[in-house]
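Worksheet: one structure, shown below.
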Amino acid sequence: MTSCEKTANETDPVKIIIGKWETIEMGNWPNMEPVEPIGYREFLSDSVLIEYSYQTQEFKYKKYWIDSLLYECFLLENLSTCTLVRRYSFEFFDNNKKLRLDYVDIAALFNTFILKRKD
């Protein structure tokens with residue numbers, strides 16, 4: 001069984017989210033528009049989230065955790081504790097190769113993001 005097949009059969013979101021993801025659509029569900037990826041998010045097994053920008057070739061580091069929601073923790077400069085938490089509802093689909101994220105309790109221009117697993 002290949003790692004792709006293992007991921008496709010997995011049901012635990014803590015395991016499914018591990019890896020690199022690119023945003024391929026943005027909008028307000030169900031009105032979505034395709035976008036060119038500007039970088040990727042890499043979810044590591046130790047709750048570290050790395051965001052990489054293709055344009056600047058810079059990395060940003062955050063913390064995350066996932067249960068019934070996905071939480072991203074932002075650290076503001078000169079502070080070592082979690083200062084802002086962004087919450088998303090989530091749904092894995094297309095054999096766990098795609099991820100839909102919807103902001104929870106945030107009014108934003110775009111509330112929904114579709115991410116695709118990066119090979």
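The values are calculated or read from the model by the stated rules, or taken from the named source; none is laboratory data. Quick caveat, the model's predicted, so the values are computed rather than measured. Please note: Cβ atoms are built from the backbone with ideal geometry, for glycine as well, and neighbour counts cover all protein chains shown.
Taking the criterion of being assigned to a loop (DSSP other than H, G, I, E, B) and more than 23 Å from residue 15 (Cβ to Cβ), the residues of segment 38-68 that qualify are 38, 54, 55, 56, 57, 58. Could you tell me which residue of segment 7-17 is farthest from residue 42 (Cα to Cα), considering only residues that are in contact with a helix residue (DSSP H, G or I) (Cβ under 9 Å, 6 or more places away or on another chain) and β-branched (Val, Ile, Thr)? So the residue we want is 7.
Note on segment 23-49: residues that are surrounded by 15 or more Cβ atoms within 10 Å (Cβ to Cβ), over 15 Å from residue 112 (Cβ atoms) and touching an Asp or Glu at 6+ places or on another chain (Cβ under 9 Å) total 5. Listed by first and then second residue, the pairs with beta-carbon distance under 6 Å, at least 6 apart or on different chains, first residue in segment 103-116 and under 21 Å from residue 21 (Cα atoms), second β-branched (Val, Ile, Thr), are 113/23; 114/24; 115/23; 116/24.
Quickly run through segment 95-119 and pick out the residues that are among the β-branched types (Val, Ile, Thr) and exposed (fewer than 12 other Cβ atoms within 10 Å of the Cβ). The answer is 106, and nothing else. The listed residues are 58, 77, and the only one of them that is of a type in the set (D, E, K, R), more than 25 Å from residue 111 (Cβ to Cβ) and at pLDDT 95 or above turns out to be 58. Name the single residue, out of those in segment 80-119 being at pLDDT 95 or above and of a type in the set (Asp, Glu), that is nearest to residue 51 (Cα to Cα). Ranking the candidates gives 102 first. Within segment 9-31, residues that are within 14 Å of residue 92 (Cβ to Cβ) reach partners that are assigned to a loop (DSSP other than H, G, I, E, B) and of a type outside the set (Asp, Glu) with beta carbons closer than 6 Å, at six or more positions or on different chains, in the pairs 16/96; 18/45.
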